[in-house]
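What follows is a single structure, written as structure tokens, with notes after it.
The values are calculated or read from the model by the stated rules, or taken from the named source; none is laboratory data. Quick caveat: nothing in here was measured; it's all calculated off a predicted structure. Glycine also receives a Cβ, built like all others from the backbone with ideal geometry; neighbour counts cover every protein chain displayed.
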């Protein structure tokens, strides 16, 4: 089955700096890669996703890049703010009947004011 | 969009008791998933349904766990003879099936189970 590894497990940055979280996946058939943000005691919420037919996607301060050859994808947050502090999960899924979404182990991001 | 709703939010039970959780997905979504999350870990896949059919079940799921989605709408997850290791947050999510690419999962707030 699919295996998703995520690094680092914790990340502290100063407010205004950038944060980068990296994930690798094992199954080359995976073609959809969402990122979720989970604040303490709350549900995971989708913040950005990327499909395998593009290499990069941006949404304001958040961007995701995908390298299909190397089977890794990354989340980039620029100009970090204290409200960005949360646990971030990457995930991977395959098309068609293989809908199971496999999550990484999470990165706890702390933005220091 | 009323979102995915789960009931109850919290459940405390004694070891050996049975518990049942309910999930109501977003109405137009045909896929429904159950995940389990423990502190500091990512959501762990348990099972998922497309309409009323249970398409996949994790090998980690023991025979004490059963899930149903009888009419392709809401779903229930039952845990029989609960053990302390079952203590976790049980998350339900729904999505719309895609032929080429899958759509994002929308999670409920979860049911936190504590087995004493």
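I need the full set of residues from region B:19-45 which are more than 10 Å from chain A (Cβ to nearest Cβ) and under 30 Å from residue A:7 (Cα atoms), in order please. Working first, answer last.
Residues of region B:19-45 more than 10 Å from chain A (Cβ to nearest Cβ): B:19-30, B:32, B:34, B:36, B:38-39.
Of everything in region B:19-45, those that are more than 10 Å from chain A (Cβ to nearest Cβ) and under 30 Å from residue A:7 (Cα atoms) turn out to be B:32, B:34, B:36, B:38, B:39.
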- Query: Can you find a residue in region A:23-31 that is within 14 Å of another protein chain (Cβ to nearest Cβ), crowded, with 18+ Cβ neighbours inside 10 Å and at pLDDT below 95?
  - Reply: yes
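Please specify each residue of region B:28-41 satisfying the condition of being under 17 Å from residue B:95 (Cβ atoms) and either without any contact (Cβ under 8 Å) to a residue 24 or more places away in the chain or not in a loop (DSSP other than H, G, I, E, B) (or both).
Going through region B:28-41, the residues under 17 Å from residue B:95 (Cβ atoms) turn out to be B:28-35.
Correct list: B:31, B:32, B:33, B:34, B:35.
Tell me, which residue of region A:51-70 that is touching a strand residue (DSSP E or B) at 6+ places or on another chain (Cβ under 9 Å) and facing chain B (nearest Cβ under 10 Å) is farthest from residue A:33 (Cα to Cα)? Full working, then the answer.
Taking region A:51-70 first, the residues touching a strand residue (DSSP E or B) at 6+ places or on another chain (Cβ under 9 Å) are A:51-52, A:54-59, A:61-67, A:70.
Applying the additional criterion that residues be facing chain B (nearest Cβ under 10 Å) yields A:51-52.
Numbers: A:51: 6, A:52: 8 Å.
It comes out as A:52.
Check A:12, A:93, A:18 and return the single one that is more than 8 Å from chain B (Cβ to nearest Cβ), in contact (Cβ under 8 Å) with a residue 24 or more places away in the chain and under 25 Å from residue B:38 (Cα atoms). Step through it out loud before you land on a result.
Details: A:93 fails: more than 8 Å from chain B (Cβ to nearest Cβ); A:18 fails: under 25 Å from residue B:38 (Cα atoms).
Exactly one of A:12, A:93, A:18 is more than 8 Å from chain B (Cβ to nearest Cβ), in contact (Cβ under 8 Å) with a residue 24 or more places away in the chain and under 25 Å from residue B:38 (Cα atoms), namely A:12.
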- Message: Every residue in region B:70-116 that is assigned to a loop (DSSP other than H, G, I, E, B), within 14 Å of the chain's Cα centre (by Cα) and within 14 Å of chain A (Cβ to nearest Cβ), please.
- Response: B:105, B:108, B:109, B:110
- Query: Would it be correct to say that residue A:77 is surrounded by 20 or more Cβ atoms within 10 Å (Cβ to Cβ) and either touching a residue at least 60 places away in the same chain (Cβ under 8 Å) or more than 10 Å from every other protein chain (Cβ to nearest Cβ) (or both)?
  - Reply: yes
- Task: Just give me the residues in region A:59-101 being more than 14 Å from residue A:20 (Cα to Cα) and assigned to a strand (DSSP E or B), in sequence order.
- Result: A:59, A:67, A:91, A:92, A:93
- Query: When you go through A:55, A:41, A:16 one by one, which is the residue that is modelled with pLDDT under 90 and over 13 Å from the mean Cα position of the chain (by Cα)?
  - Reply: A:41
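Residue-wise test of (1) closer than 16 Å to residue A:100 by Cβ; (2) out of contact with any helix residue (DSSP H, G or I) (no Cβ under 6 Å at 6 or more places or on another chain); (3) exposed (fewer than 13 other Cβ atoms within 10 Å of the Cβ).
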{"residue": "B:18", "(1), (2), (3)": "no, yes, yes"}
{"residue": "B:22", "(1), (2), (3)": "no, yes, no"}
{"residue": "B:25", "(1), (2), (3)": "no, yes, no"}
{"residue": "B:42", "(1), (2), (3)": "yes, yes, no"}
{"residue": "B:63", "(1), (2), (3)": "no, yes, yes"}
{"residue": "B:70", "(1), (2), (3)": "no, yes, yes"}
{"residue": "B:83", "(1), (2), (3)": "no, yes, yes"}
{"residue": "B:86", "(1), (2), (3)": "no, yes, no"}
{"residue": "B:115", "(1), (2), (3)": "no, no, no"}
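State yes or no: is residue A:4 within 29 Å of residue A:113 (Cβ to Cβ), surrounded by 15 or more Cβ atoms within 10 Å (Cβ to Cβ) and touching a strand residue (DSSP E or B) at 6+ places or on another chain (Cβ under 9 Å)?
Working: within 29 Å of residue A:113 (Cβ to Cβ): no; surrounded by 15 or more Cβ atoms within 10 Å (Cβ to Cβ): yes; touching a strand residue (DSSP E or B) at 6+ places or on another chain (Cβ under 9 Å): yes.
No; evaluated as a whole, the condition is false for this residue.
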